[in-house]
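Okay, so here's the structure we're looking at.
Derivation of every value follows stated rules applied to the coordinates shown; laboratory data play no part. The structure presented is a predicted model; accordingly, all values stated were derived computationally and were not measured. Positions of Cβ are backbone-derived with ideal geometry, glycine not excepted, and every protein chain shown enters the neighbour counts.
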Amino acid sequence: NYQSINWGLEKATMTVQYDRTIASNIQFLQIAGKDSNNPVNSMSESVRKTLIQEIRLAQSNPQIKAIVLVGSGKNFSAGADIREFGVTSTLDDDTIADISLTNVCNVLENSTKPVVAAVRGVALGGGCEIALACRYRVCVAGAKFGLPETKIGLIPGAGGTQ
């Protein structure tokens, strides 16, 4: 029942899939790669924008009592889409600020409904920060969380060490 949203950004490599059929009053959002070249469910511009939109939509729906965020395939999310590094966004400044990883985390943290990160595989960098911003985390055995950017002297972009 998952449908796919793609925001038409030329460099977008990921989408968020959502199931608008509400089972037991739970909204499932799945971070999903558009192709097999990206099995790590990166947090691209299109993913961040769609996550914010879908979480806000779920919050406004009185039928939905909880939101579950999952990754597609073997991983939750390995964080930033490195293909976007050094690329100038075509979005205006206000939109860039609205879809920043920090704002995605703020939307998750301030959700009026509980958000659960269902983690399998890896939750690294921005993916780890997204999972930490959820009210609850449930994991399969062997799930791995980490902030690998700290090994090269970078501070996690959305406050993951705060």
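Place the peptides 117-123, 153-159, 51-57 in order of packing, highest mean first, counting for every residue the other Cβ atoms within 10 Å and averaging per peptide. Could the numbers behind the result be given before it?
Numbers: 117-123: 22.7, 153-159: 14.9, 51-57: 17.7.
Highest-to-lowest ranking by the protection proxy: 117-123, 51-57, 153-159.
Scan around MET43 for amide H atoms under 5 Å from its own, H built in the peptide plane at 1.01 Å from N, and keep only partners 5 or more places away or cross-chain.
Under 5 Å from the amide H of MET43 lie the amide H atoms of GLY79, ALA80, ASP81, each far enough along the sequence or on another chain.
Tell me, what HN-Hα J-couplings in whole Hz come from the Karplus equation 6.51 cos²θ - 1.76 cosθ + 1.60 at θ = phi - 60° for each residue of the stretch 98-109, using x for Gly and Pro?
Once θ is set to phi - 60°, the couplings for the stretch 98-109 become 5, 9, 5, 4, 4, 5, 4, 4, 4, 4, 5, 5 Hz.
Whole-Hz ³J(HN,Hα) for each residue in the stretch 111-127, computed from phi via Karplus 6.51 cos²θ - 1.76 cosθ + 1.60 with θ = phi - 60°, x for glycine and proline: what do you get?
Listing the rounded values in order: 4, 6, 10, x, 10, 10, 8, 9, 10, 9, x, 10, 10, 10, x, x, x Hz.
At 7 Å along the Cα-to-beta-carbon direction for both LYS113 and LYS144, put a label point, then send me their distance in nm to one decimal.
Using points 7 Å along Cα→Cβ, the separation is 3.3 nm.
Taking H placed 1.01 Å from N in the peptide plane, check which residues at least 5 places from GLN27 or on another chain put their amide H under 5 Å from its amide H.
Those qualifying (amide H under 5 Å, at least 5 residues apart or on another chain) are LYS65, ALA66, ILE67, VAL68.
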